[in-house]
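What follows is a single structure, written as structure tokens, with notes after it.
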Amino acid sequence: MCSLSLCGTFCSLTSIFGVLFLAMLGYLIDTDYKHVGEWYEPTNLTIPTKEQKDNASSALYATAAVYFFCFLLSAGCICVGGRKKREYA
């Protein structure tokens, strides 16, 4: 069965992956890494504008911050689940 600490562990691992992936993607877009792919709305130019890069990278950083908050909640679930397990033992 699923316990609070097991659920917290799974959610914390997926949250850490989300933080790392989104922060790295935001950094790559911010530094204009050419192998990221076409993530921008095409204009007359073939390269993304500075405004498009700034919007995309700031959105990715904000989403990484949300995943970090989820990680903190998951860590709290692990602590509470471990405490409950010790009380019942």
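For region 57-67, 3J(HN,Hα) computed residue by residue from phi via the Karplus equation (6.51, -1.76, 1.60; θ = phi - 60°) reads 5, 5, 5, 5, 5, 5, 5, 5, 5, 5, 5 Hz, glycine and proline entered as x. Between Thr14 and Tyr27, full extension at 0.36 nm per residue minus the direct alpha carbon distance yields a gain of 2.7 nm. Maximal additional length on extending the Tyr61-Cys2 stretch stands at 18.1 nm, based on 0.36 nm per residue less the C-alpha distance.
Bear in mind that the values in this text are calculations on the coordinates, not laboratory data. Remember, it's a predicted structure, so these values are computed and weren't measured experimentally.
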